[in-house]
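A quick write-up on the structure given underneath.
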Amino acid sequence: MVRALSARLLRRYRSHHSAPTSTLAHAPHPWARGFGLVVVVLFGAWLGLLVVGDVRAPVGPVDTTMTLRPSFDGGTKINVSPLGALELDSHVAPIRLDVDVDQLDAERASALVNHPERISGLQEQITGDVVDGTLDLAVRSCVAVVAGATALGLAVYRRPRRALAAGGLALALLTASGITAYATWNPKSVLEPKFSGLLSSAPSVVGDARNIVAEFDVYQQELARLVTNVTKLYDATSTLPAYQPSPTTMRVLHVSDIHLNPASWHIIGSLVEQYDIDAIIDSGDTMDHGSAAENVFLDPIPDLGAPYIWVRGNHDSAATQAYMSRLKNVHVLDHGDAVTVADGLRVAGIGDPQFTPDRSVAPQGDAGERVAGVQLAAALRDQKAAGTPVDIAVAHNPVAAAETDGEVPLALAGHTHERRTEVMKRGTRLMVEGSTGGGGLRAVEKDDPQKIRASLLYLDRDTRRLQAWDEITLGGLGLSTAEVSRRLPDENSPDARPAEPSAPPSR
């Protein structure tokens, strides 16, 4: 009897102690449970935003759809289908604001055209519309995020308490993201937009550089101008104003390294027309071998619609230069010679001292380029001493152009097929352009052709100083789409101290 009682007690002891041990052995680690909850919250929040997290809101004369999207970089993207999109580095947070311009409301647009006095109040109207739309979006997004995370948590865990925890965590994450976006909000991002879309739409969307610098008083004004430009693009009526560059801004197109790509002339002609270019500067390597047979390739230049300033590259021969000098509206620069175009812009340049297709001559390398650069710098000093200072110096090779540091405000070059810009030690800004020919006809031999690049320089018409520039990039051999990125010199940023007024240089 005692033995039977002992066996019963032993079984009861094991039943009370073995089950919890088994449960503990299979219980997940707290870190694993936390990670799983975070995954559920993020996925549920994303689903919520995807399903119901957008707002249709009128902004001035256009109807828009505003949406919050998960993102690693944040920012704002304004889609103007089918013309393209503007990307702004407006904030740094794990959420991005997408604004889709759905359509132009013909009635509201016509009201602006028929009653021009209403345009003066457009910025207040747009500001109010954006604030209302943003608040509505914030509330709807909170509901969508919490509902999505809670619903998914309930489906996964089947416990109301865990589901509510998922919803609470989702709300906390969205609140933290909103605070981060507010803390990092950068209204200056509208000064350097990146446009992707149809090339002909870029000027109207990005706007005029001089106006952007001058009108940066409040963000609302820039927002109003941006929406006004979008309105122009849709052309609701033929009486809507077209893009008009500021008369105080001079526009210079910098191209380089065309390398016999015939498509380059169509691209340059389009840019001249769309941006109302005052002058074109070509920093060389227009040819590939410099042969006389290639000269016919240059014949479209006189019809591009703007003065064409050219310096010889290492792929351009003396015969190429002689042919260029006979073309109408073309200014060939060499030996530091200077020319005045576009109502006072003075440009000096020097040809590349090397002609690399000629294998019978040993290349001089950087040493020869520096000698040419020194010669150009000496010519710049002579021009300054004569009372006719030069505004822009041009050489094909950046090594030569770098020798002009301190002698001229701006120096242009090419050769490397890579775009870059820097302010050198003595204050001269050196701008090196990529290949406007996408590496030339040889690019078709590669699976991934080089991109086609050009830059539009905005200069003050009185001082001839650089105000801003647009970096224009086309996909290799793709001529219908482009990226346009606005850049501002540090001295022209809204935070820069204004320079002391000075009289324009004598000419």
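Things worth noting here:
- Among the candidates Asp343, Asp352, Asp366, residue that is acidic (Asp, Glu), modelled with pLDDT of 95 or more and assigned by TED's automatic domain parsing to the domain that holds Leu430: Asp352
- Search result, residues across segment 323-340 that are among the hydrophobic types (A, V, I, L, M, F, W, C) and under 14 Å from Gly284 (Cβ atoms): Met324, Val330, Val332, Leu333
- Scan of segment 452-475 for residues that are modelled with pLDDT under 85 and either closer than 15 Å to Ser256 by Cα or of a type in the set (D, E, K, R) (or both), ordered by number: Leu474
- Segment 254-279, subset closer than 18 Å to His415 by Cβ and not acidic (Asp, Glu), residue farthest from the chain's Cα centre (by Cα): Leu260
- When segment 268-300 is limited to residues that are touching a Lys or Arg at 6+ places or on another chain (Cβ under 9 Å) and farther than 20 Å from Ile350 by Cα, the one that is surrounded by the fewest Cβ atoms within 10 Å (Cβ to Cβ) turns out to be Asp276.
The values are calculated or read from the model by the stated rules, or taken from the named source; none is laboratory data. Computed from a prediction, not measured in an experiment: that's the story for all the values here. FYI the Cβ positions are ideal-geometry reconstructions off the backbone, even for glycines, and counts take in every protein chain you see.
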